[in-house]
Amino acid sequence: MNDLPSLVKHVLFTDRDGRARWRQEELVLCDGKPQARLTPLASSGGYQLRHSPVGFRSEFHCTGEAQWVFILQGCMEIGLQDGSTRVFGPGEHFYSADLLPEGASFDPTLHGHCSRQVGAQPLVTLFVRG
């Protein structure tokens, strides 16, 4: 049995049928000290900040490159082709890796996810390439 603390990594991914789905993975906090546990250091390919005004809504799309999405302000709703949605608020995050399957042409009725700002505050997000 592992006594180390962990965090949940919510992963948006492309399943074998080409549809975006969610899964959860455990991130074990095995580095650092007992007073402040850390995950192992991971490399990244840069970051971007985005401001989305009240009313922002995207079309269905696939993630261009796998990336972490951190919600800094406001709320972001992610919608999948099956009609399900998840809302992420300030301090929450997920790993977006719903890439277009190799060799596929994008089909907006099959592939990807959509996102939108919800609530009264503009949405501010931090994207960190994985």
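Coordinate-derived values only; no laboratory data. Source: prediction; values computed, not measured. Glycine also receives a Cβ, built like all others from the backbone with ideal geometry; neighbour counts cover every protein chain displayed.
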> Of GLU92, GLU26, which residue is surrounded by fewer than 11 Cβ atoms within 10 Å (Cβ to Cβ), under 21 Å from GLY130 (Cα atoms) and acidic (Asp, Glu)?
Replying inline: GLU26
> Out of region 52-68, which residues are surrounded by fewer than 17 Cβ atoms within 10 Å (Cβ to Cβ) and either touching a residue at least 40 places away in the same chain (Cβ under 8 Å) or of a type in the set (Val, Ile, Thr) (or both)?
Replying inline: PRO53, VAL54, GLY55, PHE56, ARG57, SER58, GLU59, HIS61, GLU65, ALA66
> Quick one: would you say GLN48 is assigned to a loop (DSSP other than H, G, I, E, B), polar (S, T, N, Q) and touching a strand residue (DSSP E or B) at 6+ places or on another chain (Cβ under 8 Å)?
Replying inline: no
> Which of the residues belonging to region 57-68 are within 19 Å of GLY130 (Cβ to Cβ), assigned to a loop (DSSP other than H, G, I, E, B), out of contact with any Leu (no Cβ under 6 Å at 6 or more places or on another chain) and among the hydrophobic types (A, V, I, L, M, F, W, C)?
Replying inline: ALA66
>> Could you check region 69-128 and list, in sequence order, the residues that are part of a strand (DSSP E or B), of a type in the set (S, T, N, Q) and touching a residue at least 60 places away in the same chain (Cβ under 8 Å)?
In response: SER96, GLN117, THR125
> How many residues are surrounded by 10 or more Cβ atoms within 10 Å (Cβ to Cβ) and more than 18 Å from SER6 (Cβ to Cβ) if we restrict to region 29-51?
Replying inline: 7
